[in-house]
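Report on the structure given below.
Bear in mind that the values in this text are calculations on the coordinates, not laboratory data. Since we're looking at a predicted model, the values are computed, not measured.
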Amino acid sequence: MRDYGPSLAAAETVAVTTSSDVVNARQVVRTLAQRGGLSLVHQTKLVTAASELGRNMLIYGGGGVVRAANVADDSRSGVYVEFQDKGPGIPDVEAAMQDGWTSGNGLGLGLSGAKRLVDEFDIESGEGGTTVRIVKWGR
């Protein structure tokens, strides 16, 4: 994934420790998507992915931080969202990215489903936690 560091200087940050915080993070993402000119379909895909990743971060990572910002390249604008927790990490990221894999009671579509909804997806996980970065571009 490209380095979006310079765009993140103005990132909005939401600490996630409760389900209400996931809702707040989702609203921030929706507002940025609207501000970035994403179509309603692209807004919905991004917000759905953000909701699932935020929920996973809360349930499996014990909460964390969501950072989101509008980003742009030469010809398009979009939204970057980062989910970072300090949980136990995902023991097998490759397996976790497969449809049907779950470490809990879910359907096993969270990570793989979120990846399908966005244009860029990156995940890093280890004993110190998990970070997922996504970008959805306007068309």
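Given the Cα atoms of the chain, and with Rh set as the inverse mean 1/r over their pairs in the Kirkwood sense, what is Rg to Rh to two decimals?
Values: Rg = 14.0 Å, Rh = 14.8 Å.
Result for the chain is an Rg/Rh of 0.95.
Give, in nm to one decimal, the length gained when the segment between SER39 and ASP122 is fully stretched (0.36 nm per residue of separation minus the Cα-Cα distance).
Working: separation 83, 0.36 × 83 = 29.88 nm, distance 2.30 nm.
Extra length available between SER39 and ASP122 comes to 27.6 nm.
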